[in-house]
Amino acid sequence: MRIRGRRIVGGYAEGVALVTSEPISFYGGVDPETGLVVERGHQLEGESVRGRALIFPRGKGSTVGSYIIYRMRKLGTAPAAIINQETEAIIATGCVLAGIPLIDRLEADPLRALKTGDYIRVYGDEGLIEVTVK
Amino acid sequence: MGPAVARAMELLVALGEVFEAERLIPIEGAHISGVSYKNLGDAGLELLEDLAELGARARVRATLNPAGMDLDLWREMGIPQDFAERQLRVVRAFDRMGVEATCTCTPYLVGHVPRRGSQVAWAESSAVAFSNSVLGARTNRESGPSALASSIAGRAPLYGYRLEENRRPMAVVEVEAELRSRLDYSALGYHIGRTLGSSVPYIRGLPRAGFDELKSLAAACATSGGIALFHVEGITPEADGFGEGDLRGLERISVEEGDLEEAASRLSGDLEDPVFCLGCPHCSLEEIREAAMLLRGRRLRRRLWVFTSRGVYGEAERRGYIDAILEAGGRVFRDTCMVVAPLREMGWREMATDSCKAAHYASSMGLGTRLISLREMVEEASH
């Protein structure tokens, strides 16, 4: 299955989908040393975002989150790619700084069309994803 | 194009995409936030050092927001050594990139004053609101990285408050309350932001608002509501351009004294031994003069700390205001403030201030807070 969206940050990446319907704050919500989601009560609490195609509605919280995404990339704990419903400046800035492909506004709602465990190839430059259903 | 400019352009294009900007436009200056090591952490420090190493250089005038400490007097502030070393590395990285280490949230008080109508890229929410509203320059609420990228590329995406049509009033605020102190202006701003969110208010009933009052108002409404632009009838430069026709049909609120008390009471609890703080936003020369006059001949029994920029400090020192504050037992620090210093690591538990912005953030850091005007502060701190 191929789904088109809006290219925000280009590049190619692939990984296993990790989907949440809750916004993510990288500052305070994700531990950059381990890649684990640490926000109390978050749907993904305890899950690792490392190397995943991370799918969530949008970013939230402090703009320091952009720097955290950059740090995670350097430490090797960052997601491989990010897909948002509708992205915002914190996530977009972090993805540019870190060189992580970012796509939003897919033709199909990614929170419904994609499931945790699906395999996702992200063609950032084309604003296109290819999904292999688990 | 060098690698650093390419990175900066990539960020600006991506943000332009997010905000549906039609194109990038040239800018005349930048003011960059994200300086305190308390907020940046190692992640931010690494990024800044990497960018400096990559050859990033500001190509337009760029100034810097406050750091987490006075760059010279940090030991006297009780800043841990490890924090200080990393904070100095942050400032050095900016310095290598050609950003002026002004370390103030009031660049417009130290000579960085954009012309009316000029396009700039400012971060620091209080400075954004002041620059748009009082100076009539044009900026969006930039983040640290986007303002830095704009300074490196000399460009910014064209959207939001850069466009004439988005600078029109969206709500009318009738101020019925009598405003007596800068704290009242701060409470007014806090109330407007809480009530209207990220609107563009047209404010009536402030015939005597001066620079310092507008500075307090801007900081507070940007904190509680994300307001980036307001107009004050008869005072701010763009207000004249709007007549009754432009205001017809807009949401209207009126502000009574009770609203100001209510806004202040949200941030006020009973405190035992607070540090009394002035200087959010950084004190102007006039504000320091006032504090010095009130403190002259007094002996403070409690801690009273004043925060300002180096530019203002130098002039205040020359005029003897700094000595007057120090002789009364107060302290004056530069380059930092009570919002971005690591207060908890410094052992602070409570703060009393005349700034809703400072109280708002101190309270979110877990400190007990209370709002109090400068006059009351001096009175209480000397008993």
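Placing unit charges on each Cβ (+1 for Lys and Arg, -1 for Asp and Glu) gives the stretch B:226-383 a dipole about its Cα centre, and among B:341, B:230, B:260 the Cα reaching farthest toward its positive end belongs to B:341.
Label-to-label distance, residue A:108 versus residue A:40, with points set 7 angstrom from Cα along the beta-carbon direction: 3.8 nm.
Rounded to the nearest 10 degrees, the inclination of helix A:89-98 to the longest alpha-carbon principal axis of chain A is 90 degrees.
Listed by chain and number, the lysines placed with their C-alpha closer than 29 angstrom to that of residue B:38 are A:60, A:74, B:215, B:357; residues fewer than eight positions away on the same chain are left out.
Rounded to 0.05, the FRET efficiency of the residue B:296 and residue B:211 pair, given R0 = 22 Å and the Cβ-Cβ distance, is 0.40. Qualifying trypsin sites (Lys or Arg not before Pro) in the stretch A:35-88, where qualification requires a DSSP coil assignment and no more than 10 other C-beta atoms within 10 Å, comprise A:40. In a DSSP loop and with at most 11 other Cβ atoms within 10 Å, the trypsin sites (Lys or Arg not before Pro) in the stretch B:186-258 are B:208, B:248. Extension gain for residue B:315 to residue B:273 (0.36 nm times residue separation, less C-alpha to C-alpha distance): 12.0 nm. The long axis of helix A:65-75 is offset from the longest Cα principal axis of chain A by roughly 90 degrees. A crude spin-label estimate for the pair residue B:180 and residue B:54, with each label 7 Å from Cα along the Cβ direction, gives 5.4 nm. Annotation note: GluC sites (Glu not before Pro) in the stretch B:1-47 located in DSSP loop regions with a Cβ neighbour count of at most 10 within 10 Å are B:20, B:22. Charge dipole of chain A (Cα centre as origin; +1 on each Lys and Arg Cβ, -1 on each Asp and Glu Cβ, all else neutral): 140 debye, rounded to the nearest 20. With R₀ set to 45 Å, the beta-carbon distance separating residue B:242 from residue A:2 gives a calculated FRET efficiency near 0.35.
From helices alone, the protein assembly as shown scores -10500 deg cm²/dmol at 222 nm; the rule is -39500 (n - 2.57) for each run of n ≥ 4 DSSP H residues, then divide by the residue total.
Taking amide H as placed 1.01 Å from N in the peptide plane, residue B:27 has its amide H under 5 Å from the amide H of B:155, B:156, each at least 5 places away in sequence or on another chain. With each label modelled as a point 7 angstrom along the Cα→C-beta vector, the residue B:364-residue B:116 pair spans 3.4 nm.
Inter-chain Cβ neighbour count for B:327-339, averaged per residue, equals 0 (cutoff 10 Å, partner chain atoms only).
The numbers here are math on the coordinates, done by the rules we state, and not lab data. Every value quoted in this text rests on a predicted model; they were computed, and no experiment measured them. Positions of Cβ are backbone-derived with ideal geometry, glycine not excepted, and every protein chain shown enters the neighbour counts.
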